[in-house]
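The values are calculated or read from the model by the stated rules, or taken from the named source; none is laboratory data. As the structure is a prediction and not an experimental result, all values here were calculated from the model. Here the Cβ positions follow ideal geometry from the backbone for every residue, glycine too, while neighbour counts run over all protein chains shown.
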Amino acid sequence: MKKINVKKTKAFWFYILLGIIILILGVMLAPFWKMVWTDCPWKNWGTELVMLFMAVVIAIYLFMFLIRKINYSAGVIQVLTIIEFVLLSLIALGLVFSQFNILSIPQEPSVILGIALYARGTIEIFRAYYHQRTSKTTYPTWWLVIAILFVTFGVYLMVKPLVQLAYIVWALAVSVMVIGIFLIVIGVLANPKVKK
């Protein structure tokens, strides 16, 4: 097994300190605080962080992809795409505002992904239908199959979520803890007084 070679530095304490802070943050993000300490100030931090991340991903999807689809569409497809944009915008806003108990929406990532896939697949099926009616060229069969799969998988995710929010929060917390432990180990190995 190969030895880990870490450059010795007098600032090794910075790695250790940063690792300890990140490790504590990882423990604070873990969802078990609700059961252990009901008045814990950070009991929902992990869930809120995941919801904010989902809101950011939806916003990127809206402004990097869906805006272009609206601009390049016309007629019924454009109206449906605008409805999809508004629906996903409300979900993104709901993810942010639900932390302040202003707006309540489904917070399961699988359900939100299911809604997005269902909406996109349905619009693409409509696009195929109107394309066949108004254009002499045929709509790509492979894209129609993908649209049908989007609808099917989206409905499946809405009915039976694959991954629960709690598991995602646990994965986030454990990942942060592992990074913290890794930084502490790097800090110890970077100590000039520690021999190889």
Any hit, the stretch 9-21, residues being over 22 Å from the mean Cα position of the chain (by Cα), surrounded by fewer than 18 Cβ atoms within 10 Å (Cβ to Cβ), under 26 Å from Gln99 (Cα atoms) and not aromatic (Phe, Trp, Tyr): yes
Residue that is nearest to the chain's Cα centre (by Cα) [pool: residues in the stretch 39-96 that are of a type in the set (S, T, N, Q) and closer than 19 Å to Val169 by Cβ]: Thr47
Selected residue (criterion: nearest to the chain's Cα centre (by Cα)) from residues of the stretch 105-150 that are surrounded by 15 or more Cβ atoms within 10 Å (Cβ to Cβ) and small (Gly, Ala, Ser): Ser110
Among the candidates Val178, Val194, residue that is modelled with pLDDT of 85 or more and either part of a helix (DSSP H, G or I) or over 30 Å from Glu84 (Cβ atoms) (or both): Val178
Wholly enclosed helices (runs of 4 or more DSSP H) of the stretch 1-106 bearing at least 1 residues of a type in the set (Gly, Ala, Ser): 12-29, 45-61, 75-97
